[in-house]
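Chemist: Have a look at this one.
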Amino acid sequence: MKAAILHGFGQTLSLEEVAIPSPKPDEVLIEVEACGVCHSDLHIADGDQPALKAVTKPLLIPGHEVVGRIVKIGAAVTDLKVGDRVGVAWLHASCGVCEQCLEGLENLCRKSVITGVMVDGGYAEFMCAKASHAIPIPSVLSSVEAAPLFCAGVTVYRALKNAKVTAGQRVAVVGVGGLGHLAIQVAHAFGAEVIALDVDESKLELARSLGVSMALNVTDPQTVKTIRKAGGAHVAVVTSAAKAAYDSALKYLRPAGTLSVVGLPAEALTFSALALVGAEAKVVGSSVGTREDLRAVLQLAADGKLRCHTEEQPLDQINQVFERMRHGQISGRVVLTCQSAQHQH
């Protein structure tokens, strides 16, 4: 099969022919139809997040927004069958017995295995996944539509859920990229009013098309004043990976507001203690999501409340896609189509 392989941090991915993997007893072999390209994949390839770098397997096939059809099942698999269309997310496996797993926080399982980091992911024509963590896809969604929901979609869903967003609240979405444009839609599904913020006018245009109440350029000196005049945001979700986005986000909050940390700048975040104390602001982290979150996100999409803006590219274009991502030139989400015209099972 054809696969994109990371030979070393900071190197371009190498497109190679490798053997099709065999599923273990509790796994399924998936013929990959679509795999979204996440900013985390770029962090992994560049090796700029030490915690991820430490657990990245050698000769890695990245990719953790994977959708495809099952072509083979392991001997112990009973609840999935050949021909089923499933998706695979960041959480490749969780132990099911630790405190976090038992409390419904399997995304924080200390023994979790990460797709496209610790095991090979979906930048390939085939991949193996744990049957327990392969989630069936509603038939109304195409594979390309569904793929980004397995990271971008579930990540913003959980971030808004963790920030306890409720109907009638004002939510500021800082950064209208692959995650941000989905965050706008999820916030609307929760009944919130949305203020979109970005530096790029074309992304603000996309936000307006999604029905936000305000779309503001963060470089405009009047922006903070405009948001405060509207009462401030109950929740600000920062999906941008720029530290500057966090520096300004705290100013958008109303008193007792919540800052939701999603985007991952390489530098540490810094907040004035007085700013937090004076406003009784909360800072909440959110890590991808659980299988329950994923099913909820797929249902929102199946109900027509969530649609990712996608651009399809063949697998062999991955290095060019990464290059565009480095320069912030991607609107929505790029999805790799991983099957060549003639392939064999």
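Chemist: Give the separation of the Cα centroids, segment 166-219 to segment 98-161, in Å.
Modeler: Their Cα centres are 25 Å away from one another.
Chemist: Given a cut-off of under 8 Å on Cα pairs at least six residues apart, what relative contact order in percent is computed for the chain? All intermediate terms of the calculation are to be shown ahead of the outcome.
Modeler: Details: 798 pairs, mean separation 63.8, N = 345.
Computed over the chain, the figure is 19 percent.
Chemist: Separate question: Of all DSSP beta bridges in the chain, what percent run antiparallel (nearest 5)?
Modeler: On the way: 29 of 57 bridges.
That works out to approximately 50 percent antiparallel.
Chemist: Are there trypsin sites (Lys or Arg not before Pro) in segment 54-100 that DSSP puts in a loop and that have at most 14 other Cβ atoms within 10 Å, and which ones? Intermediate values should be presented prior to the final figure.
Modeler: Numbers: sites: Arg69, Lys72, Lys81, Arg85; in loops: Lys81.
Those satisfying the criteria are Lys81.
Chemist: Something else about it: Between the DSSP loop rule and a limit of at most 13 other Cβ atoms within 10 Å, which GluC sites (Glu not before Pro) in segment 237-297 are left?
Modeler: Details: sites: Glu267, Glu280, Glu292; in loops: Glu267, Glu280.
Those satisfying the criteria are Glu267, Glu280.
Chemist: Out of all DSSP beta bridges with both ends in segment 154-285, state the antiparallel percent to the nearest 5.
Modeler: Numbers: 0 of 22 bridges.
Bridges in segment 154-285 that DSSP calls antiparallel: roughly 0 percent.
Chemist: With r as the distance between the Cβ atoms of Thr12 and Ser202 and R0 = 25 Å, compute the FRET efficiency 1/(1 + (r/R0)^6) and round to 0.05.
Modeler: Working: r = 27 Å, r/R0 = 1.10.
My answer for the efficiency is 0.35.
Chemist: Only Cα pairs within less than 10 Å get springs; with that Gaussian network setup on the chain, which residue of Val262, Val154, Val97 has the largest fluctuation?
Modeler: Fluctuation is largest for Val97.
Chemist: Once you have the Cα-Cα distance between Val277 and Ala256, take 0.36 nm times their residue separation minus that, and quote the gain in nm to one decimal. Provide the component values of the computation, followed by the final result.
Modeler: Details: separation 21, 0.36 × 21 = 7.56 nm, distance 0.95 nm.
Full-extension gain reported as 6.6 nm.
Chemist: Candidates (i) 61, 41, 38; (ii) 68, 58, 41; (iii) 118, 39, 37; which is the computed Cα extents along the principal axes in Å?
Modeler: (i)
Chemist: In the structure shown, do any of Lys161/Lys305; Lys203/Lys229; Lys161/Lys251; Lys2/Lys81; Lys229/Lys251; Lys225/Lys305 have a Cα-Cα gap over 20 Å, and if so which? Intermediate results must be reported in sequence, preceding the final value.
Modeler: Working: Lys161/Lys305 16 Å; Lys203/Lys229 23 Å; Lys161/Lys251 22 Å; Lys2/Lys81 24 Å; Lys229/Lys251 12 Å; Lys225/Lys305 31 Å.
Checking Cα-Cα distances, Lys203/Lys229; Lys161/Lys251; Lys2/Lys81; Lys225/Lys305 exceed 20 Å.
Chemist: Highest GNM mean-square fluctuation, the chain, Cα pairs closer than 10 Å: which of Gly263, Gly285, Gly121?
Modeler: So, out of Gly263, Gly285, Gly121, the one fluctuating most is Gly285.
Chemist: Mind checking which of Leu298, Leu29, Leu108 has the largest fluctuation in a GNM of the chain, springs on alpha carbons under 10 Å?
Modeler: Leu108
Chemist: I've got another one for you. Hey, can you rank 47-60, 168-181, 195-208 by average C-beta count inside 10 Å, highest first?
Modeler: On the way: 47-60: 12.9, 168-181: 26.0, 195-208: 19.4.
Answer by packing, highest mean first, reads 168-181, 195-208, 47-60.
Values quoted throughout were computed directly from the atomic coordinates according to the rules given, and no laboratory measurement underlies them. Since we're looking at a predicted model, the values are computed, not measured. Ideal geometry is used to build each Cβ from the backbone, glycine not excepted, and the neighbour counts take in all protein chains shown.
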